[in-house]
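The values are calculated or read from the model by the stated rules, or taken from the named source; none is laboratory data. As the structure is a computational prediction, the values presented were derived from the model and not from experiment. Note that we place each Cβ from the backbone using ideal geometry, even for glycine, and neighbour counts take in every protein chain shown. Side chains are part of the model used for accessible areas, which takes the heavy atoms of the whole protein and leaves out ligands, DNA and RNA. Shrake-Rupley method; radii C 1.70, N 1.55, O 1.52, S 1.80 Å.
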Amino acid sequence: MNRTALTVLSGLLALTATVACSSSQAKPTSSAASSDTAKLSAPVTVDAKLDGEKAHVTLRFDAPASDVQVNVSGLDGLAVKSEASPVKGGSFARADEKSFDVDITPGPGRSLLVVAISGTFQGAPLSKVVTFSTGKPTAEQQKTSGTTVTGSDGERIKIMPSGGQ
């Protein structure tokens, strides 16, 4: 990936981080307070099958979308060898699917493929970032920093050190 693409992708991820961070494994609750703090994300279902040096990514749009851009990148040593933006300016109807292949080189141990989707969904600009792992963690990757606690809802929370701590 060239430096310009990496810079643009990093900027996009930084700008969309507050909206895009979502968990597909979030536990639904019935309290009104939890729905008030839920983060909005693009209504897109993202699936990826990673197999060696190839990833097959499928997007399913749960609402009409326009100006859709999809960026793919790697973390923890994973390198994307194919087009970093396989979808640029796309328009999709509700229930449309888009699939594409991504050529990758996995990093040592466990590494991650990042799929970032942004666009206008029913008139609102929204985004979503999803990661998919490949490989087994190395001994170094299994070492944890920070402290893990359990929240009142049973969710595990990791408290990470900040600054020079």
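For the reader, a short list of remarks on this structure follows.
- Being of a type outside the set (A, V, I, L, M), closer than 18 Å to Ala48 by Cβ and part of a loop (DSSP other than H, G, I, E, B) is a condition met by no residue of the range 143-156.
- Within the range 45-62, the set of residues being over 15 Å from the mean Cα position of the chain (by Cα) and crowded, with 22+ Cβ neighbours inside 10 Å comprises Phe61 only.
- Matching residues, the range 63-77, being under 18 Å from Ser41 (Cα atoms) and open to solvent by 50 Å² or more (accessible area, probe 1.4 Å): Pro64, Asp67, Gln69
- For the residues Thr138, Thr150, the requirement of being surrounded by fewer than 11 Cβ atoms within 10 Å (Cβ to Cβ) and either out of contact with any helix residue (DSSP H, G or I) (no Cβ under 7 Å at 6 or more places or on another chain) or within 13 Å of Val46 (Cβ to Cβ) (or both) singles out Thr150.
- Residue check for Asp51: among the charged types (D, E, K, R) and free of Cβ contacts under 8 Å to residues at least 40 places away in the same chain: yes
- Taking each residue of the range 62-76 that is on the phi > 0 side of the Ramachandran plot and looking for partners that are basic (Lys, Arg) and open to solvent by 30 Å² or more (accessible area, probe 1.4 Å) with beta-carbon atoms closer than 9 Å, six or more apart or interchain, yields Asp76/Arg110.
- Restricting the range 78-109 to residues that are within 21 Å of Ala42 (Cβ to Cβ), polar (S, T, N, Q) and assigned to a strand (DSSP E or B) leaves a set whose member that is least open to solvent (accessible area, probe 1.4 Å) is Ser99.
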